[in-house]
Amino acid sequence: MGKVFVGRTTPLMRYNQDPMIILSGGTGTPKLLAGMRKIIPEEDMTVIVNTAEDTHVSGNLVCPDIDTILYLFADTIDAEKWWGIRDDTFATNEALRKAGRREVMRIGDIDRTTHIMRSELLRDGYTLTEAISELARRFGIGATILPMTDREVATHIATPDGEMHFQEYWITNAGEPDVLGIRIHGIKDAAPSDAVLAAFDNDDRVIIGPSNPITSIGPIIRLQGMRGILRKKHVVAISPIIGSAPVSGPAGKLMHACGYDVSSAGVIECYRDFLDTFVIDSDDLEISTSSGIGGVEIVRADTMMTSVEKSVALSQRVLDLF
């Protein structure tokens with residue numbers, strides 16, 4: 001087998017793997033993919049991405065989770081924030097603010113071109129899947145990046161101040177309001193796209209990244225027929241929680257509001273009916289690896305991906321599970 005390298009000094013064995021599917025939301029899963037793409041060819045990866053956090057800003061469709069994946073594979077991601085483009089400027093956003101128009105999201109100038117191109121493609125009759133495929137082609141990306149559905153869905157958070165779109169809750173209100181419940185508008189009528197179904201026809205290995213199980217992965221597995229599809233696959237998931245605290249983001253509040261324990265055991269409950277193996281952090285002592293939960297195999301690894309090298313190491317551990 002050949003070797004690939006991270007930086008100048010770390011040799012890595014390249015894995016010979018059958019194609020695989022990765023379910024992705026926000027920050028956690030892209031960090032995993034940053035390591036995985038060092039050891040398996042991009043062309044062997046299909047990333048199915050949450051679209052329930054998409055929103056319109058200044059007339060253009062913003063797909064935050066998809067764009068993070070696009071920029072990761074295009075090598076332009078701002079790896080300090082894990083959203084947006086590295087060294088982007090914000091002149092348009094600032095000009096709009098000075099003119100009295102405050103955007104829900106702080107969008108960079110180069111980032112905004114992606115939203116404009118995607119929105120133009122959609123206005124020209126492209127489906128979202130087709131538009132993302134075209135953007136990936138223009139960015140020179142080898143991986144297959146698929147929106148979970150071509151139907152419009154939107155996650156709304158019920159709070160004491162009323163119901164609000166996820167982006168309003170998380171960005172405008174900094175995730176501070178109490179969460180009374182979660183509604184995903186349009187999810188009952190949403191099915192996986194034809195491209196997603198075709199990917200599952202071809203690939204039997206599925207990784208669920210360490211993204212929020214309620215608002216990042218949750219909408220994907222709530223699509224019509226998705227749980228049934230996953231029950232027929234070999235599914236490995238990585239916990240986004242250590243002990244009783246999420247690694248990042250509002251997963252704790254959201255899990256509690258949905259009646260799940262804020263723990264890795266709670267995440268297993270979200271995925272129990274189709275999950276084969278669950279990866280928890282080495283420092284998470286809430287679960288015994290010898291007992292498992294409901295027939296789910298439990299394994300330990302360092303899941304704190306604070307560097308590309310750590311992301312690679314976790315990716316190697318996950319791939320070994322197949």
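The values are calculated or read from the model by the stated rules, or taken from the named source; none is laboratory data. Quantities reported herein were computed from a predicted structural model and do not represent experimental measurements. We place every Cβ from the backbone using ideal geometry, glycine too, and count neighbours over all the protein chains shown. Accessible surface areas use protein heavy atoms only, side chains included; no ligands, DNA or RNA. Shrake-Rupley method; radii C 1.70, N 1.55, O 1.52, S 1.80 Å.
Tabulated data for the structure shown
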read-out	value
Members of region 210-232 that are among the β-branched types (Val, Ile, Thr) and either part of a helix (DSSP H, G or I) or in contact with a helix residue (DSSP H, G or I) (Cβ under 7 Å, 6 or more places away or on another chain) (or both)	Ile214, Thr215, Ile220, Ile221, Ile229
Scan of region 291-318 for residues that are open to solvent by less than 20 Å² (accessible area, probe 1.4 Å), under 23 Å from Glu269 (Cα atoms) and assigned to a helix (DSSP H, G or I), ordered by number	Leu314, Val318
Extreme residue, most open to solvent (accessible area, probe 1.4 Å), among residues of region 146-158 that are out of contact with any strand residue (DSSP E or B) (no Cβ under 9 Å at 6 or more places or on another chain) and not polar (S, T, N, Q)	Arg151
Val206 at pLDDT 95 or above, open to solvent by less than 20 Å² (accessible area, probe 1.4 Å) and touching a Pro at 6+ places or on another chain (Cβ under 8 Å)	no
Residue match in region 295-315 (condition: under 24 Å from Thr51 (Cβ atoms) and touching a strand residue (DSSP E or B) at 6+ places or on another chain (Cβ under 7 Å))	no
Among residues of region 111-138, those that are under 29 Å from Ile40 (Cα atoms) and open to solvent by 60 Å² or more (accessible area, probe 1.4 Å), counted	4
Single residue of Ala199, Ala237 found to be in a strand (DSSP E or B), modelled with pLDDT of 95 or more and of a type in the set (Gly, Ala, Ser)	Ala237
Tally of residues being more than 17 Å from the chain's Cα centre (by Cα) and assigned to a loop (DSSP other than H, G, I, E, B) across region 49-74	2
Which listed residue, of Arg97, Arg112, Arg151, Arg118, is part of a loop (DSSP other than H, G, I, E, B) and within 18 Å of Val62 (Cβ to Cβ)	Arg151
Qualifying residue in region 168-183 (condition: polar (S, T, N, Q), touching a strand residue (DSSP E or B) at 6+ places or on another chain (Cβ under 8 Å) and open to solvent by less than 20 Å² (accessible area, probe 1.4 Å))	no
Count - residues of region 54-88 that are closer than 18 Å to Glu152 by Cα and aliphatic (A, V, I, L, M)	4
Unmet requirement for Ala251, which otherwise passes all of (1) within 28 Å of Asp150 (Cβ to Cβ); (2) open to solvent by less than 40 Å² (accessible area, probe 1.4 Å); (3) among the hydrophobic types (A, V, I, L, M, F, W, C); (4) at pLDDT 95 or above	(4)
Of all residues making up region 121-135, the number that are β-branched (Val, Ile, Thr) and assigned to a helix (DSSP H, G or I)	2
First in region 25-46 and within 15 Å of Asp65 (Cα to Cα) and among the hydrophobic types (A, V, I, L, M, F, W, C), second anywhere and open to solvent by 10 Å² or more (accessible area, probe 1.4 Å) and in a loop (DSSP other than H, G, I, E, B), Cβ under 7 Å, 6 or more apart	Leu32/Pro210; Leu32/Met305
So Asp161, is it open to solvent by 30 Å² or more (accessible area, probe 1.4 Å) and free of Cβ contacts under 8 Å to residues at least 40 places away in the same chain	yes
Tabulated pairs, region 117-139, first within 16 Å of Asp65 (Cα to Cα), second surrounded by fewer than 17 Cβ atoms within 10 Å (Cβ to Cβ) and not basic (Lys, Arg), C-beta under 6 angstrom, 6+ apart or interchain	Ala131/Leu122
